[in-house]
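The values are calculated or read from the model by the stated rules, or taken from the named source; none is laboratory data. Quick caveat: nothing in here was measured; it's all calculated off a predicted structure. Note that we place each Cβ from the backbone using ideal geometry, even for glycine, and neighbour counts take in every protein chain shown.
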Amino acid sequence: MKLGRKKKRMQETVELNITAFLNLMVILVPFLLITAVFSRMTVLELNLPNLNAKPGEDQDIKLQLQIVVSEEELVVQDAILGVIKRISRTENGSVIDDPEQMQRRVWKPLADVLIEIKSRFPDEQGIALLLERGVSYKTMISVMDHVRSADIVQAATLETVELFPQVSIGDAPSTAAESESEEGETVVEGEAS
């Protein structure tokens, strides 16, 4: 009797009910296609200095454009020649937060200076952003966006001009006042121990 029951079970075929699975796919596939269209990824290529690079390797003297970014100002400078332009980010002692004022008082003068430099050095592609401590990530990204390209009006049309697409990031050199205060703190700490 036991053999008959096993044979009967083996002969019954089980049908897979894939209706629920197909219903899930009908809903899931369009949803994934719709969300994939709205997600974009922007990739910026950063040129960081080589760890083994020596400062005297390049013999050609050329423009080494830098922007020192602090909470109070942007300083456009050449590494060899020095400061080209200082652009204040403050008004009456406080940092400008209004986007319209930032456009008029900071980004427009920065774009004008960079366009002038680009007209004199059209082959130059690189710029270094030197960030002081305490500069926010949002500020860094804004400066990066504004040094890569600028909008200019030519013949009643708005054109986007590529300025310096190769952006390098580094720490700003410390000022003399900061160095003296750090040395003073070190001496005081040394005397205390």
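Going by the conditions given, is residue 148 basic (Lys, Arg) and touching a strand residue (DSSP E or B) at 6+ places or on another chain (Cβ under 8 Å)? Answer is yes for this residue. Between 91, 132, the distinction of being modelled with pLDDT of 85 or more, of a type outside the set (Gly, Ala, Ser) and more than 17 Å from residue 148 (Cβ to Cβ) belongs to 132 only. Taking the listed residues 23, 47, 17, the one that is modelled with pLDDT of 90 or more and either surrounded by 10 or more Cβ atoms within 10 Å (Cβ to Cβ) or over 30 Å from residue 147 (Cβ atoms) (or both) is 23, with no other qualifying. For region 114-132, the set of residues classified as surrounded by fewer than 16 Cβ atoms within 10 Å (Cβ to Cβ) and either within 21 Å of residue 45 (Cβ to Cβ) or touching a residue at least 12 places away in the same chain (Cβ under 8 Å) (or both) consists of 115, 121, 122, 123, 125, 126, listed by residue number.
The set of residues from region 67-104 being within 21 Å of residue 166 (Cα to Cα), in contact with a Leu (Cβ under 9 Å, 6 or more places away or on another chain) and of a type in the set (Val, Ile, Thr) comprises 67, 68, 69, 75, 76, 80, 84. Here is the figure for region 157-169: residues that are more than 12 Å from the chain's Cα centre (by Cα) and in contact (Cβ under 8 Å) with a residue 12 or more places away in the chain total 4.
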